[in-house]
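Since the structure comes first, as structure tokens, the remarks are kept for the end.
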Amino acid sequence: MATPVTVLLGVANLDDLDTVSDVLLLLGGGLAFGLIFGLTALGERARQRRLQRLGLWEPPVRD
């Protein structure tokens, strides 16, 4: 998920990417976005496992 966002931000700011620090800032932003997205997904899966263990939630059945 972070790769498309980083590419989109890079293309949108193509005129402003003059130095290495600008590129590093762009890559750092993409990495931060990926980290936040990944930690959110990890927390959601942990919440689902906890609710399932307590018997309060059953995952949907796939056909």
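The values are calculated or read from the model by the stated rules, or taken from the named source; none is laboratory data. Predicted, not measured: the structure shown is a model, and the values here were computed from it. Note that we place each Cβ from the backbone using ideal geometry, even for glycine, and neighbour counts take in every protein chain shown. Ligands, DNA and RNA are stripped out before the accessible areas are found, and what is left, the full protein with its side chains, is counted by its heavy atoms. Shrake-Rupley method; radii C 1.70, N 1.55, O 1.52, S 1.80 Å.
You can think of it this way: the chain between Leu35 and Val20 has 3.2 nm of extra reach, that is 0.36 nm per residue less the Cα-Cα gap.
Springs join every pair of Cα atoms under 10 Å in this Gaussian network model of the chain, and among Leu51, Leu17, Leu42 the largest mean-square fluctuation is at Leu51.
For the chain, the dipole from Cβ point charges (+1 on Lys and Arg, -1 on Asp and Glu) about the Cα centre works out to 740 debye, to the nearest 20. Packing here is the average count of other Cβ atoms within 10 Å per residue, and on that basis the peptides 53-59, 25-31, highest first, run 25-31, 53-59.
With axes computed from alpha carbons, what is the tilt in degrees of helix 2-12 against the longest principal axis of the chain, rounded to the nearest 10 within 0 to 90? Helix 2-12 and the main axis of the chain meet at about 30 degrees.
Each stretch of four or more DSSP H residues adds -39500 (n - 2.57); spread over every residue of the chain, this sum gives -25500 deg cm²/dmol at 222 nm. Compared with the dominant principal axis of the Cα atoms in the chain, helix 20-54 is inclined by about 0°.
By accessible area, using a 1.4 Å probe on protein heavy atoms only, the chain has 67% of its surface on carbon and sulfur.
A value for Kirkwood radius over Cα pairs in Å was derived from the coordinates, and within the list (i) 13.6; (ii) 14.2; (iii) 12.6 it appears as (ii).
Per residue, the accessible area of the chain comes to 86 Å², computed with a 1.4 Å probe over protein heavy atoms only. To the nearest 10, the accessible area of Val11 is 100 Å² with a 1.4 Å probe. Projecting the Cα atoms of Leu56, Leu17, Ile36 onto the dipole axis of the chain, where Lys and Arg carry +1 and Asp and Glu carry -1 at the beta carbon, places Leu56 farthest toward the positive end. Based on Cα contacts under 8 Å between residues 6+ apart, the chain shows a relative contact order of 31 percent.
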